[in-house]
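Take a look at the structure set out below.
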Amino acid sequence: MVGFGAAGACAALEAAAAGAEVIVLDRFGGGGATALSGGVVYAGGGTPQQRAAGVPDTPDAMYGYLLAEVGDAVSPATLRRFCDGSVEMIGWLQALGVPFEGSLCPYKTSYPSNRHYLYFSGSEAAGGFRDLAPPAPRGHRVKGRGSSGKVLFAHLGRTVRHAGSRVLVQTAARRLLTDADGRVKGVECRTLAGAPPWVRRGHLLASRYAAKPGLYVPALRRVLHRWTERLEARHSRPLWIAVRRAVVLAAGGFVANRPMLREHAPAYRAGLPLSTPGDDGTGIRLGAAAGGATAKLDHVSAWRFISPPSAFLHAVLVDADGRRICDETRYGAALGQAMVTGHGGRGWLLADREILAEARRGLREQTVWSSGCRPSTCCGVPSPATRSRAWRPRPVSTPTGCGTR
């Protein structure tokens, strides 16, 4: 298993349950983008949390909405299985100790406060979608203060280790070894397992701070990541792992790899990469080098949320020519995609005095401050003092595993 975020952890658990001997590799300390995320699991069809909140929902309604929302990102058969197994998925996570709650958020937001853990996380109630299927809140935020992705991964990571899988952190996969028939027979790695304790501690700390707060301070991220690379170059040693059955690549996306982004999705380069330094396309390149096929590398999720506060959903989002970009109540990735693909990556939010006053009143109550929101930007929307300035979507790697975001 290459990669130890939510996708890698879930794959490791399924493999162990099937009787496989599992080795999990992670270049840093584990967690990946999952541990930095909001810990939101998209689920529906009548979950216990929906029922507790008095929300009616069915797998058919969930499928009807997602079929229109996701386009050809996945096949209808895969989407159908996801919707039909959604309630079971939440139950599986709860059995691992992942906490959820049915406290319904009463307003539309990109991320609910610490008082709410069930919310409309997509475009379910937006125009054009609410007519396809009865809208239902399906964003299940893991219960925990601040950005609760760390809570989600803590339970997944602990369960992987308890299941008997061997986890090798600070071990980077460099190449898949194949035989004459092209079958993968091993993984060539570099590991810090035998490095001095100060090297391993420094490497973990640097990678942790490069991920966050380095996420919001690119210069700091570059400095810290270069240091981790120097430690790896000087102190890592080679390691070869034999493969008996298969290698699962769950090493994230490539938004931290500028050349790959320039090649496959150049329109998204202007944004802030919401990722870890490990989202450098390693898994994609390993698979392709071993003969694997790639697809949809031009699909990048660009988030541009205009709430919280929810008052801004009553404003109008326009481009440089004054054209309305899209329904402002759509999911933030839909707004971002519309801005990048049809409006030059720029937009202005037009709000009158009443909307601005309502936004100020709702800012403190509706915002989770530790999630990276700041009064000056309000989740990326310029404050009244800077509202004449242009703003752009921020590219992020596509979500992976368990419907997390």
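Which members of segment 52-93 meet the condition of being of a type in the set (S, T, N, Q) and closer than 20 Å to SER301 by Cβ?
SER75, THR78, listed by residue number.
Take ARG161 and decide whether it is among the charged types (D, E, K, R) and farther than 18 Å from GLY38 by Cβ.
yes
Condition first: surrounded by 19 or more Cβ atoms within 10 Å (Cβ to Cβ), closer than 22 Å to LEU205 by Cβ and not hydrophobic (A, V, I, L, M, F, W, C). Now tell me which residues in segment 165-195 satisfy that.
GLN170, THR171, THR191
Of everything in segment 45-62, what is in contact with a strand residue (DSSP E or B) (Cβ under 9 Å, 6 or more places away or on another chain) and assigned to a loop (DSSP other than H, G, I, E, B)? Give them in sequence order.
Listed by number, the residues that qualify are THR47, ALA53, GLY54, VAL55.
Is it the case that segment 285-304 has a residue that's within 24 Å of ARG226 (Cα to Cα) and at pLDDT below 90?
No, segment 285-304 has no match at all.
The values are calculated or read from the model by the stated rules, or taken from the named source; none is laboratory data. Model, not experiment: these values are computed from the prediction. Cβ coordinates were reconstructed from backbone atoms using ideal geometry, including for glycine residues, and neighbour counts include every protein chain displayed.
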